[in-house]
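Reviewing the structure listed below.
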Amino acid sequence: MIVLVSGPPGSGKTTLARQLAPKLRLPLISKDDIKETLFDTLGWSDRAWSQQLGAGTWEVLWTLLRRAVESGASLIVESNFHTEHRERVAALGAPVIEVHCTARPDTIVRRFRERERHPGHVDAAIVIDDAQAIIDAHRPITDHVIHVDTEDPGAIDVDGIVQEIREAGL
């Protein structure tokens, strides 16, 4: 089984995925971990380079997912999956459960601006004109979704989410 932890940037995906992985005893693959390792290895400069490296990072992520499915392994994958990724996930041919994180648009914008990430992401160059459009582009991409409102991180029932994932077949 593949557990996708998805949602728009700033929705709390990484934090939640890092809590779920040890409780489910599954390896966690995070797109940003791959991208930041490449930044540290290849360097970083501007937004165009970040986007180019991001495109390559997605291809690495899809390859890792295919290899996991081929070997019958279960894992957690965390990223800001876009609605356009629905077909690629379906093509994996594996059971997938999606844990989709979201919060109010103003909260997502605030978190995005306040978070500290690798400078290679060049977050300061990213303009968020329409937070709702970003949320809309990062809607759930599978049919089996656990919706998680991350507005109040302390109120997230991580154990309840783990139970739902287990009941789904893990």
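Values as computed for the structure displayed
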| quantity | calculated |
| --- | --- |
| Likely footprinting exposure, 138, 121, fewest C-beta neighbours within 10 Å first | 121, 138 |
| Net charge of neighbours whose Cβ lies under 15 Å from the Cβ of residue 164, counting Lys and Arg as +1 and Asp and Glu as -1 | -4 |
| Rel. contact order, % - alpha carbon contacts under 8 angstrom, at least six apart, the chain | 38 |
| Set of aspartates and glutamates near residue 35 by C-alpha distance (under 19 Å), chain-local residues within fewer than 8 positions excluded | 46, 59, 78, 116, 123 |
| Helical mean residue ellipticity (222 nm; -39500 (n - 2.57) per DSSP H run of 4+; nearest 500) of the chain | -15000 deg cm²/dmol |
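Since every read-out is calculated from the coordinates, none of them should be taken as a lab result. It should be emphasised that the depicted structure is a prediction, and the values quoted were computed from it without experimental measurement. Using ideal geometry, Cβ is built from the backbone for each residue, glycine included, and neighbour counts are taken over all protein chains shown.
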